[in-house]
1. Of all residues in segment 440-476, count the ones that are closer than 19 Å to residue 410 by Cβ, part of a loop (DSSP other than H, G, I, E, B) and either without any contact (Cβ under 8 Å) to a residue 40 or more places away in the chain or out of contact with any strand residue (DSSP E or B) (no Cβ under 8 Å at 6 or more places or on another chain) (or both).
2. Suppose the filter is surrounded by 14 or more Cβ atoms within 10 Å (Cβ to Cβ) and assigned by TED's automatic domain parsing to the domain that holds residue 236; does residue 303 pass it?
3. Applying the selection to segment 235-251, what residues are surrounded by 15 or more Cβ atoms within 10 Å (Cβ to Cβ) and in contact with a helix residue (DSSP H, G or I) (Cβ under 9 Å, 6 or more places away or on another chain)?
4. One residue is enough: does segment 37-55 have a residue meeting the conditions near the ligand (Cβ under 10 Å from one of its atoms), closer than 18 Å to residue 474 by Cβ and either over 17 Å from the mean Cα position of the chain (by Cα) or surrounded by fewer than 22 Cβ atoms within 10 Å (Cβ to Cβ) (or both)?
5. Does segment 23-49 hold any residues that are within 17 Å of residue 211 (Cβ to Cβ) and touching a strand residue (DSSP E or B) at 6+ places or on another chain (Cβ under 9 Å), and which are they?
6. Please specify each residue of segment 116-148 satisfying the condition of being within 16 Å of the ligand (Cβ to nearest atom) and farther than 22 Å from residue 253 by Cα.
Ligand SMILES: Cc1cc2nc3c(=O)[nH]c(=O)nc-3n(C[C@H](O)[C@H](O)[C@H](O)COP(=O)(O)OP(=O)(O)OC[C@H]3O[C@@H](n4cnc5c(N)ncnc54)[C@H](O)[C@@H]3O)c2cc1C
């Protein structure tokens, strides 16, 4: 861990979407930034989402108009910032009059269409299903269709971290902030990783520890948290594709919650999510049998294809770190964010803590964080992220164009591989493929389209260390890799890390 600055302007705790987004925004405004993440980037809530950039139709029912307006507008902004990892998706809501009357849905969709500016996203419309073509049960004959977007959540975090690094930030993964104290008007921060403990200094400390935000204040800073945090578990199951086509379904349930069925990675359907109060350790969260049964029941109530537990290919769980608004119903706890700035003691350095938030609003949250810190950094330049593309979106036209370019340059490359690369890396694929003109140049093959060239790039450029970092968060190939193939990848990684360590020592 070699730090670049005797005293950083800002140390950010947490490499989820909020920490990465703030680090990126701050670095782009000329501040010196260090971000530390105790595990891998996006290894907690930010890779356990429903993977939607959405306004949140159901938040209208909870009167979260500020959040919905901001989130709706962000869809268009983020689509332009990262069109390789974010794409528009149509959502079909089967009409179930006993749950919500048609006038209520129509009113909600009217607001949805008009609350935020829309350029790329089509408006809503009613739909009718013919039994022969519809994947839905024959009693479901009508519904509504509207637009939102889907995102590769983990890669959104990684792209923000790459951009932050390119703007001068130091990003340390597998580095835990174990404590911090205010001293002589700045923070003295203790960071621990496999190399030991190191102290860094910062003018401002940003606590973007997600589910650990309150615990960090209490245990690591020995202070009182200004807000309580509600940990609300949400789980998803992944099953073989339930239906053809690229539309998602939003299913209403008797408990007034909604569950999505979303086309996922061409071969699968992602079904989620749940909302359950969680009291355990956020590191240990996993789907319960009750959640599995709940998701299967909702799906089986709507689709002709009937699922059982044995159809589940994979599942994942995360905890929403929500600001406690004392709501009785976990589904109704506010999804909006709250920023808590504590600079109350004169001569002491400020602490900014982030409570709540959505992937969708991470950029606005980062802007709001920077606004609140403006008095401490009068030299800071103005907001810039709205019109700046994320890495891989530079000169990006559209996916099929990039796929054709890749196939043109790398003779014999499989269309599936070219698609995956285009969607994951955008135009950064040219960095990844640097020095290659033919398939043999990609080095050792590990199966399912993964070659040594990509692994080396992920280790060198994207902080990947383990097979899980590569398969789960950066490529999503974990759904296809067998145990034997994973072991082979791990052996390669061990030798790669050893070579790199030798290179560092030499
Ligand atoms: C089931 C579910 C579905 C969701 N679906 C959507 C969706 O479709 N669309 C959407 O917009 N939002 C969605 N969200 C919300 C969104 O995922 C979260 O708001 C967001 O990911 C929170 O990001 P974060 O950075 O605050 O937290 P995290 O991603 O959890 O990041 C916090 C990081 O801090 C690190 N950390 C903690 N303590 C320390 C320490 N002491 N030192 C160093 N590092 C530390 C942790 O390891 C962690 O990686 C969903 C959430 C859930 C749970």
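The values are calculated or read from the model by the stated rules, or taken from the named source; none is laboratory data. Here the structure is a predicted model, which is why all the values come from computation and not from measurement. Ideal geometry is used to build each Cβ from the backbone, glycine not excepted, and the neighbour counts take in all protein chains shown.
1. Result for segment 440-476: 3.
2. Taking the combined requirement at face value, the residue satisfies it.
3. 235, 236, 237, 238, 239, 242, 249, 250, 251
4. Checked segment 37-55: at least one residue is near the ligand (Cβ under 10 Å from one of its atoms), closer than 18 Å to residue 474 by Cβ and either over 17 Å from the mean Cα position of the chain (by Cα) or surrounded by fewer than 22 Cβ atoms within 10 Å (Cβ to Cβ) (or both).
5. 36, 37, 38, 39, 41, 44, 45, 46, 47, 48, 49
6. 116, 121
Quick grid of which residues meet (1) assigned to a loop (DSSP other than H, G, I, E, B); (2) not assigned by TED's automatic domain parsing to the domain that holds residue 361:
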position	(1), (2)
26	no, no
34	no, no
38	yes, no
63	yes, yes
106	no, yes
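Here is a yes/no grid of residues against (1) modelled with pLDDT of 95 or more; (2) surrounded by fewer than 19 Cβ atoms within 10 Å (Cβ to Cβ); (3) in a loop (DSSP other than H, G, I, E, B):
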position	(1), (2), (3)
310	yes, yes, no
319	yes, no, no
322	no, no, no
326	no, yes, yes
338	no, yes, no
346	no, yes, yes
363	yes, no, no
373	yes, no, no
